[in-house]
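The values are calculated or read from the model by the stated rules, or taken from the named source; none is laboratory data. Remember, predicted model here, so these are calculated numbers, not experimental data. Cβ placement follows ideal geometry from the backbone for every residue including glycine, while neighbour counts extend to all protein chains displayed.
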Amino acid sequence: MVRAIVTAAGERFVTPLAVSALTGERVFTDLFSLTDEQEIGHIRLAQDCDLVVVAPASADFMAKMALGLAGDLASTALLATDRPILVAPAMNHRMWAHPATQAHRASLAARGVACVGPGTGPLAEGESGPGRMAEVPEIVEAVMSLLAGGPLRGRRAVVTSGPTFEPIDPVRMIANRSSGRQGHAIAAELARLGAEVTLVSGPVAIADPMGCRVVRVETACQMRDAVLAAGPADIAVCAAAVGDWRPETVSERKMKKVPGVAAPVLTLTQNPDILATLSAAGPERPRLVVGFAAETDHRDDNAAKKRAAKGCDWMLANDAVFGAPTNQVRLITADGAEDWPLLDKTEVARRLAARIAAVFGETP
Ligand code: C5P
């Protein structure tokens, strides 16, 4: 979850409404707004987070931070937080080079405030030099490395997500309705807990999760190859809806519909089972292999049988409702089963990642 505070200067560039549309959360602007105070309060706003990012950090705002001024909500929150702080400076190159700004930068650094950028290049005023805000991927990387002190630090994870596309000819394919939401949320959550995550994803219409290496594939065979290439991993979570079959032969040309000629018959062949392959991977086997079982009937029985048949450690049984934002799962392990309530997929991911972290936390 990202909560944004927009300063008065910031409001001249972007409206709080636009920021709110991006974060999906309400945006905070006013220190003295009673509504803000009733709903959350600036002290909680400052503390109820894993990290505070100041982007873009103007020369004026860096000066306020360095001096400990607290005249507005953003600077007050920064004075009230004891969470890690990352600044991404953005200003004119002469302002950046000014001894005052450099002194403020140094005093912030001495207090443990991390800094990403600025980059060098064309600036807003038509000049060029150091002062450009770091590119967003650089800021995300800096955020992830600051957060990487989590319980899964040093662990490698591979996560599969989304559907697979199995071509019939250059324009047709066998696909499924998986959105990738659950797998992507799990990858993001494992990364947030410090794991080094490779997400192998089929074609999806959602954004890449933060802090993960993403490998895009189409077919089940490509997904298997990418998963094996990403290993060895400590953790594998197979959340992709992998097509069970693919056409035995793929026509090089678009198959023609000829009037009076019967419809073609597709002969299918079995795809590799990535979850079963990983579970039987011998010395390279991830220590924890987790699968999903999307079932339309006899869900719990089928899922328990599937866990045994595939040889994975945990199986999450869920109803085969692809694309929904929520999921109701039953976690089946060697020790038994537990039903989780209907939860947002991000919350399922959070719980699962916490359970995974607990497994690794038990290691001496
Ligand atoms: O057999 P079924 O498709 O129901 O199994 C679902 C689980 O197995 C999921 O975790 C899915 O990602 C995984 N799977 C796989 N490779 C396949 C088929 C399923 O990894 N070919």
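Remarks
- Within the stretch 62-95, tally of residues that are within 26 Å of Thr120 (Cβ to Cβ), touching a helix residue (DSSP H, G or I) at 6+ places or on another chain (Cβ under 7 Å) and either outside the structural domain of Asp48 (by TED's automatic domain parsing) or of a type in the set (A, V, I, L, M, F, W, C) (or both): 10
- Each residue in the stretch 318-350 was checked for being over 17 Å from Val237 (Cα atoms) and part of a helix (DSSP H, G or I), and 0 of them qualify.
- Qualifying residue in the stretch 207-214 (condition: in a loop (DSSP other than H, G, I, E, B), farther than 19 Å from Val289 by Cβ, assigned by TED's automatic domain parsing to the domain that holds Leu278 and within 14 Å of the ligand (Cβ to nearest atom)): no
Yes/no per residue for (1) in contact with a strand residue (DSSP E or B) (Cβ under 9 Å, 6 or more places away or on another chain); (2) at pLDDT 95 or above; (3) buried (at least 21 other Cβ atoms within 10 Å of the Cβ); (4) assigned by TED's automatic domain parsing to the domain that holds Ile186:
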{"site": "Asp234", "(1), (2), (3), (4)": "yes, yes, no, yes"}
{"site": "Trp245", "(1), (2), (3), (4)": "yes, yes, no, yes"}
{"site": "Pro283", "(1), (2), (3), (4)": "no, no, no, yes"}
{"site": "Pro286", "(1), (2), (3), (4)": "yes, yes, yes, yes"}
{"site": "Phe292", "(1), (2), (3), (4)": "yes, yes, yes, yes"}
{"site": "His298", "(1), (2), (3), (4)": "no, no, no, yes"}
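- Where Leu17 falls short, out of the listed (1) modelled with pLDDT under 90; (2) surrounded by fewer than 13 Cβ atoms within 10 Å (Cβ to Cβ); (3) out of contact with any Lys or Arg (no Cβ under 9 Å at 6 or more places or on another chain); (4) not β-branched (Val, Ile, Thr): (1)
- Of the helices (runs of 4 or more DSSP H) contained entirely in the stretch 33-124, those carrying at least 2 residues that are modelled with pLDDT under 85, of a type outside the set (Ser, Thr, Tyr) and under 25 Å from Gly149 (Cβ atoms) fall at 42-47, 99-110.
- Any hit, the stretch 122-131, residues being crowded, with 22+ Cβ neighbours inside 10 Å and in the same structural domain as Arg355 (by TED's automatic domain parsing): no
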